[in-house]
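Trainee: A single structure is presented below for examination.
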Amino acid sequence: MTVSGKSTLYRDFLLYRRLFRWAQPYWAHLIGLLLLSLLATPLALLVPMPLKIALDSGLGSKPLPHIIRPLVPARLLVSASTALFFAVGLLIAVAVLVQIQALAVNLLGTYIGEKFLLDFRSDIFGQMQRLSLSYHEIKGTAQTLYNVQYDAAAIQTIAVQYLIPSLSSAFTLVGMLYVTLRIDWQLALVALLVSPILFLISKFYRRGLRHRSREVKALEKSAMGVVQEVLGALRVVKAFGREEDERHRFVRCGFDGMRARLGLAWAAGKFNSLVGLTAAAGTATVLFVGFRQVQSGVISLGDLMLMMGYVTQLYEPLKTMGKNSAALQSQLASVERAFALLDEIPEVAEKTNPVALVHATGKIAFQNVSFRYGQNNRPALDQVSFQVNPGMRVGIVGPTGAGKTTLVSLMLRFYDPTEGRILLDDVDLREYCLSDFRNQFALVPQDTVLFSSSVAENIAYACPAAGQEEILAAAQAANAHEFISRLPEGYQTLVGERGMCLSGGERQRVSLARAFLKNAPILILDEPTSAVDVKTEAAILEALERLMQGRTVFIIAHRPSTLRQCNLLVQIDHGRLAVKAATLPRLSDEGLAATRGDSLTGSNVRG
């Protein structure tokens with residue numbers, strides 16, 4: 001065996017071991033399903049029996065088989081008619097039992113499979129949220145969506161459709177082999193000659209099927225990425241009249257996926273055909289040898305028919321295990337992708353023994369902070385240093401792409417600095433418990449994010465345990481109560497996907513209400529009035545003034561009306577920092593204009 005072959009086998013061994021470890025909490029369910037599935041073996045042994053009874057005891061004069069005699073009353077005289085009726089009754093009884101057993105296996109298998117799938121998807125979804133933003137920015141959302149929706153489903157298929165049937169087939173194979181050896185060991189050995197051939201065929205095709213399955217998954221993910229991207233930018237697509245172009249792009253991706261699936265189907269079809277032909281050749285050989293034995297008087301015709309029935313069922317588990325081994329490759333390719341996501345290490349990791357934080361004072365310090373996105377050589381921030389004392393209002397300004405959003409993202413610890421450190425209350429952010437740390441911040445983003453639920457639920461997202469009175473008070477403080485009351489169902493009105501049933505100003509005020517409800521000591525406002533009219537801006541500014549009271553506030557904005565609330569201005573340009581502190585409690589419009597025109601190079605000013 002080649003080194004590559006050994007490494008493939010080792011990787012498969014590790015994958016199977018991990019699957020077994022992951023399924024450990026469910027072993028009781030799986031054993032129950034296996035035992036129920038194993039009932040198919042004795043039922044399968046009874047399936048050919050009515051035909052033997054009809055031929056040997058109904059048409060012939062042989063006594064009933066030993067396995068059946070305990071079921072017949074001792075005083076009953078077995079005649080040809082009795083044997084025939086008994087064969088018919090046994091045939092119906094076995095058919096009923098087979099159907100009941102199949103129904104029970106299906107119901108229990110569905111329950112276990114759905115439980116597997118839900119738990120596995122939950123693990124992937126939790127990991128998806130733990131991973132840093134940089135992972136999702138590089139991989140894209142389509143990759144993770146495919147992991148959750150499709151790759152995760154492989155665990156259900158492997159456990160219920162492949163693992164249990166393969167184990168059950170193995171037990172059935174042993175049972176059938178024992179019975180056939182008892183009937184005629186020579187025919188049994190002839191029948192077993194196909195086993196090594198099936199094993200070699202399965203081994204030959206397995207690796208190619210796994211490779212083709214990986215290719216199919218990657219292309220399907222690409223097609224899903226096109227759909228997700230177009231739906232996210234549907235307004236732009238429609239505005240530029242690019243619907244037909246996007247459809248052609250989707251078709252191109254879909255065609256590549258179709259071609260890959262056809263290749264996979266062709267490879268799987270060749271494998272299944274070889275398995276079927278090999279089993280047919282084995283059956284034909286047994287029939288030929290058995291017919292010669294009947295002619296020579298070694299066995300009866302009924303024994304041959306019984307043997308042929310058992311040989312057919314002997315090959316069924318062999319074919320099942322062979323086909324499952326091939327079909328399993330597609331599911332293993334999916335599980336590999338899902339486990340790869342679970343193995344990703346978040347770039348923003350929490351320490352083993354983090355520092356607890358109940359309520360911060362709001363003191364923030366950047367100390368020689370630099371940051372690069374991915375492999376980008378040009379830093380998004382370069383040696384930034386400044387300090388903000390509790391209760392200060394800081395305006396962050398600069399041209400597009402200067403690093404303003406990066407500054408805020410580092411402050412929220414969406415990323416960790418490449419160099420330097422950021423302190424909150426004189427403690428490095430990396431020392432804190434992440435959930436405690438982020439509870440100290442309330443964020444009002446420029447692109448207001450609302451969820452497809454009611455207005456009340458969107459406000460309460462900051463504090464799920466909040467009561468109706470607290471939600472109402474937060475909405476009133478944000479100047480949102482008036483417009484919410486006019487909605488068709490008031491606070492229970494559904495806002496639609498991403499809040500599209502509300503106007504931009506209404507969404508912004510719901511976001512402000514959410515910040516009021518959180519009542520965090522540090523507030524971050526990202527262009528809070530950038531997309532609203534003058535009247536709405538006035539209402540938002542009035543609410544902002546209330547919201548900023550007693551908090552450390554960071555405002556990214558360009559409008560003087562918003563920045564006038566600040567007493568420290570941080571100007572960023574090409575990742576470097578120029579800071580101007582106002583001497584008055586609030587900056588004037590002239591001071592703002594002068595500051596935006598400054599080219600200060602100082603990098604460490606304390607407010």
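Trainee: Hand me the list of helices (runs of 4 or more DSSP H) wholly inside the stretch 516-607 holding 3 or more residues that are surrounded by 22 or more Cβ atoms within 10 Å (Cβ to Cβ) and modelled with pLDDT of 55 or more.
Mentor: In the stretch 516-607, 534-548 are the helices (runs of 4 or more DSSP H) which contain 3 or more residues that are surrounded by 22 or more Cβ atoms within 10 Å (Cβ to Cβ) and modelled with pLDDT of 55 or more.
Trainee: Check PHE483 against each of (1) closer than 30 Å to ALA233 by Cα; (2) within 33 Å of the chain's Cα centre (by Cα) and name the one condition it does not meet.
Mentor: Failed condition: (2).
Trainee: Conditions: (1) over 24 Å from PRO42 (Cα atoms); (2) surrounded by 16 or more Cβ atoms within 10 Å (Cβ to Cβ); (3) among the small types (Gly, Ala, Ser). GLY297 meets all but one. Number of the miss?
Mentor: Tallying (1) over 24 Å from PRO42 (Cα atoms); (2) surrounded by 16 or more Cβ atoms within 10 Å (Cβ to Cβ); (3) among the small types (Gly, Ala, Ser), GLY297 fails exactly one: (2).
Trainee: Considering VAL534, VAL510, VAL455, VAL495, which residue is farther than 18 Å from ARG551 by Cβ and touching a residue at least 60 places away in the same chain (Cβ under 8 Å)?
Mentor: After ruling out the rest, the residue left standing is VAL510.
Trainee: Since ALA83 meets every condition but one in (1) over 46 Å from the mean Cα position of the chain (by Cα); (2) modelled with pLDDT of 80 or more; (3) hydrophobic (A, V, I, L, M, F, W, C); (4) surrounded by 19 or more Cβ atoms within 10 Å (Cβ to Cβ), which condition does it not meet?
Mentor: (2)
Trainee: With respect to the numbered conditions (1) in contact with a Phe, Trp or Tyr (Cβ under 6 Å, 6 or more places away or on another chain); (2) at pLDDT 80 or above; (3) not hydroxyl-bearing (Ser, Thr, Tyr), which one is the sole condition not fulfilled by GLY263?
Mentor: (1)
Trainee: Additional query: Taking the stretch 487-510, which residues are among the polar types (S, T, N, Q) and part of a helix (DSSP H, G or I)?
Mentor: Those that are among the polar types (S, T, N, Q) and part of a helix (DSSP H, G or I): GLN492, GLN508.
Trainee: Which of the helices (runs of 4 or more DSSP H) found entirely inside the stretch 89-168 contain at least 3 residues meeting this: of a type outside the set (Gly, Ala, Ser), over 10 Å from the mean Cα position of the chain (by Cα) and loosely packed, with under 15 Cβ neighbours inside 10 Å?
Mentor: Those helices (runs of 4 or more DSSP H) span 133-139.
Trainee: Give the residue that is farthest from ARG546 (Cα to Cα), with candidates limited to residues of the stretch 459-483 that are surrounded by 19 or more Cβ atoms within 10 Å (Cβ to Cβ) and touching a Phe, Trp or Tyr at 6+ places or on another chain (Cβ under 6 Å).
Mentor: Looking at the filtered set, the residue picked out is ALA474.
Trainee: Taking VAL226 as the residue in question, decide whether it is under 29 Å from the mean Cα position of the chain (by Cα) and assigned to a helix (DSSP H, G or I).
Mentor: yes
Trainee: May I ask you to list the residues in the stretch 251-286 that are free of Cβ contacts under 8 Å to residues at least 40 places away in the same chain, more than 21 Å from GLN331 (Cα to Cα) and either touching a strand residue (DSSP E or B) at 6+ places or on another chain (Cβ under 7 Å) or surrounded by fewer than 14 Cβ atoms within 10 Å (Cβ to Cβ) (or both)?
Mentor: VAL251, ARG252, PHE255, LEU277, ALA280, ALA284, listed by residue number.
Trainee: Could you give every pair whose Cβ atoms fall below 8 Å, whose first residue belongs to the stretch 400-413 and is assigned to a helix (DSSP H, G or I), and whose second residue is charged (D, E, K, R) and modelled with pLDDT of 85 or more, counting only separations of at least 6 or pairs across chains?
Mentor: LEU410/ASP416
The values are calculated or read from the model by the stated rules, or taken from the named source; none is laboratory data. Please read these numbers as outputs of a predicted model, since none were measured by experiment. Neighbour counts are summed over all protein chains in view; Cβ atoms, including those assigned to glycine, are modelled from backbone coordinates with ideal geometry.
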